Amino acid sequence: VAHGQIIVDRGAEKALVSAGKSLLPAGVVQVQGEFLPGDVVEVLGPQHQVIGKGVVNYTNWQLQASAGLTTEEVKKRIDIQRVEVIHRDEWISL
């Protein structure tokens, strides 16, 4: 069961689905629902279709605070263990 949803931009969708990359905060457009690190969330592309699911490393409020930011900006603003929102090893494309 997914605890929330993360809507990503086209670049992030391509990185996750085609390039086997992790989801970084820069590609996040919108955050829905409440979740904690270790929860499973759904990821939706720009057209709001589900593109996959993964284990998130952020709380929903941390991700809202860092959505769209570069990795360097995120590190300055919030205290996180891992910069990846969803690591590629914890991701499943649907």
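Coordinate-derived values only; no laboratory data. Because the structure is predicted, anything quoted here is derived from the model rather than measured. Cβ placement follows ideal geometry from the backbone for every residue including glycine, while neighbour counts extend to all protein chains displayed.
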| query | Please state the relative contact order of the chain as a whole percent: Cα pairs under 8 Å, 6+ residues apart? | reply | 34 percent
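Expressed in nm to one decimal, what extension gain is obtained for the pair A2 and V55 from 0.36 nm per residue of sequence separation less their Cα-Cα distance? Mind showing how you got there, number by number?
Working: separation 53, 0.36 × 53 = 19.08 nm, distance 0.95 nm.
Contour length minus Cα-Cα distance gives 18.1 nm.
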| How would you order 70-80, 22-32 from highest to lowest mean count of nearby Cβ atoms within 10 Å? | 22-32, 70-80
| note | Across the alpha-carbon set of the chain, Rg over Rh with Rh taken as the Kirkwood radius works out to 0.91
| said: Taking θ = phi - 60°, what integer Hz values does the Karplus form 6.51 cos²θ - 1.76 cosθ + 1.60 yield along the range 88-94, in sequence order, with x for Gly and Pro? | reply: 4, 6, 10, 10, 10, 6, 10
| request: Describe numerically, in nm with one decimal, the distance between label points set 7 Å from Cα along Cα→Cβ at Q47 and at D79. | output: 4.3 nm
| query | Given H placed on each backbone N at 1.01 Å, which residues far from Q30 in sequence or on other chains put an amide H within less than 5 Å of it? | reply | I7
| said: Run the helix sum for the chain: -39,500 (n - 2.57) per DSSP H stretch of 4+ residues, divided by residue count, reported at 222 nm to the nearest 500 deg cm²/dmol. | reply: -6000 deg cm²/dmol
